[in-house]
Amino acid sequence: MRRWRRTAAGAAALTAVAALAAGCSSSGSSSTASASLTSSLPTNFGAPEKTTLNVGVVPAMDSAGFFVALHDGLFAKEGLTINYSPAVSSETAVTQQLDGKLDISAGNYVSYINEAALDHAPIEVVAEGSVMQQGAQTIFTMPSSKITTLAGLKGKLVGVNAPGNIDYLLGVSVLQENGVSPTSVDFSKEPIAFPQMGGELASGKIAAAIMPEPFASLAEEQDGAVPLADLNQGATTDFPIEGYVVTKKWAAQNPNTLKRFLAALEVGQEISDTDRGAVETAFEALNGATNGQVPPTIAAVMALDTYPIGVDATRIQRVADVMFQFGLLKKQFNVSSMLMSASAFNFSQFSTSS
């Protein structure tokens, strides 16, 4: 599969590459493969118990499958109306979910594993969202910064979306991999929303920032941020980042609704993995979630993840293991207790992969 990658160039070069890429990208969801996948909906899972769903999703590139499904009307085909709200982080989303304010949430696994392992929250991962690829999660500085290597981060403040969460975990893993003690670097104690991260970096409030796409490319073009280190390396190469979660009670009460949601989502996942143009179109249409639409110049060059089908326990276990390694968990945790049973939903029917 061909993957487009954001380069390490500055804003001017980024715009030039975007102009070239825009002329080469596919035109949304009109490909034969995408049309074939979409035609598999609606399914025959029975009448949904609930037809209007409150869904909180972090508006990062990890959620491409959801946004493609939403933009292309795949949930609607399954008889579902989605009230989408952009989540600041999965930490806040899962809190709202446990309070009954959200039916479904999507965010990074660290928050969910913390809830399950530490607080014994009755939550269930029902689908994977993303696996990190090159350029998808990056540490940034400013051109005027004297920080030119990871060692230069010693004693400096690095901005993260949520303290002790996925950005922190990726960051400390790469620091240690490169011979820098994670305890020698300060990470922000207060959450910084991704849309504000580039501005915080540009103003000097933080010395470096960890950002996913599309916020990474937005910060490059709008704030002049420059990459310091790609986090897709070492122990976190091809690292699982995001998943979709419900409470166990909600899943038991809404089995047909859940199956219909997953059917639409997994078609969105497969389209995201095979049709870049569909992802570009969905994010360009995403008003408000990233402080405005993602401009075509950004959509054309933003790095993508891979978007798996189903739930792979071995893959998600990597997150819990790295959390234990860096002290986010005091003891090892088996993630199987929080994963939907493979027999509960046939994911294979929504994949065109051989």
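The values are calculated or read from the model by the stated rules, or taken from the named source; none is laboratory data. No experiment lies behind these values; they were computed from the predicted model shown. Glycine also receives a Cβ, built like all others from the backbone with ideal geometry; neighbour counts cover every protein chain displayed. Ligands, DNA and RNA are excluded from the accessible area calculation, which covers all protein heavy atoms including side chains. Shrake-Rupley method; radii C 1.70, N 1.55, O 1.52, S 1.80 Å.
Please compute the length gained on full extension between Lys189 and Ser85, using 0.36 nm multiplied by the number of residues separating them and subtracting their Cα-Cα distance. It would help to have the intermediate numbers written out before the result.
Working: separation 104, 0.36 × 104 = 37.44 nm, distance 2.47 nm.
Length gained, Lys189 through Ser85: 35.0 nm.
Label-to-label distance, Thr314 versus Ala342, with points set 7 angstrom from Cα along the beta-carbon direction: 1.0 nm.
Return the FRET efficiency for the residue pair Ala285, Gln349: r is the Cβ-Cβ distance, R0 is 30 Å, and the value is rounded to the nearest 0.05. Walk me through the numbers before you get to the answer.
Details: r = 28 Å, r/R0 = 0.92.
Here the calculated transfer efficiency is 0.60.
Computed over the chain, relative contact order equals 30 percent, with contacts defined as Cα pairs under 8 Å that lie 6+ residues apart. With respect to the chain, whose longest principal axis is taken over its alpha-carbon atoms, helix 11-24 is tilted by about 30°. Can you tell which of Ser184, Ala116, Gly234 lies farthest toward the positive end of the dipole of the chain, using +1 and -1 charges on the Cβ of basic and acidic side chains (Lys, Arg; Asp, Glu)? It is Ser184. Report, to the nearest 10°, how far helix 255-274 tilts away from the longest principal axis of the Cα atoms in the chain, using its own Cα long axis and a range of 0 to 90°. Between helix and principal axis, roughly 50 degrees.
Counted residue by residue at 0.36 nm each, then reduced by the alpha carbon distance between them, the extension gain from Phe326 to Gln233 reaches 31.8 nm. Residue ranking by accessible heavy-atom surface, 1.4 Å probe, largest first, among Thr81, Thr148, Thr297 comes out as Thr148, Thr81, Thr297.
Placing pseudo-labels 7 Å out from each Cα toward the beta carbon at Ala35 and Ala151 gives an inter-label distance of 5.8 nm.
Between the helical axis of 109-118 and the longest alpha-carbon principal axis of the chain there is an angle of about 80 degrees.
Go ahead and estimate [θ] at 222 nm for the chain from helices alone: -39,500 (n - 2.57) per DSSP H run with n ≥ 4, summed, over the residue count, rounded to 500. Don't skip to the answer; put the middle values down first.
Values: 14 runs with 134 residues, N = 354.
So the helix-based figure for the chain works out to -11000 deg cm²/dmol.
If you take all other residues with their beta carbon under 12 Å from the beta carbon of Phe187, and give Lys and Arg +1 and Asp and Glu -1, the sum is -1.
Think of the stretch 224-318 as having a plus end and a minus end, set by charges on the Cβ of Lys, Arg, Asp and Glu; of Ala278, Ala313, Trp250, Trp250 sits farthest toward the positive end of this dipole.
Accessible area of Arg315 (1.4 Å probe, protein heavy atoms only, ligands and nucleic acids ignored): about 70 Å². Note that the chain presents 38 Å² accessible area per residue, ligands and nucleic acids not counted, probe 1.4 Å. Return a single number: how many Lys pairs in the chain, at a sequence separation of 8 or more or on separate chains, have alpha-carbon atoms below 21 angstrom apart. For the chain, qualifying lysine pairs total 20. What's the FRET efficiency of Asp99 with Ala76 using the Cβ-Cβ distance as r and R₀ = 30 Å, to the nearest 0.05? In this case the efficiency is close to 0.65.
Overall, the chain carries a charge dipole of about 300 debye about its Cα centre when +1 sits on the Cβ of Lys and Arg and -1 on the Cβ of Asp and Glu, all other atoms neutral.
Per-residue SASA remark: His120, around 140 Å² accessible (1.4 Å probe; ligands, DNA and RNA not included).
Place a +1 charge on the Cβ of each Lys and Arg in the stretch 142-218 and a -1 charge on the Cβ of each Asp and Glu, then give the dipole magnitude about the Cα centre in debye, rounded to the nearest 20.
Working: 5 positive and 6 negative charges, 55 e Å.
My answer is approximately 260 debye.
Only four residue types carry charge here, +1 at the Cβ of Lys and Arg and -1 at the Cβ of Asp and Glu. Report the dipole size of the stretch 43-137 about the Cα centre in Debye, rounded to the nearest 20.
On the way: 3 positive and 11 negative charges, 48 e Å.
Taking the Cα centre of the stretch 43-137 as origin, the dipole is about 240 debye.
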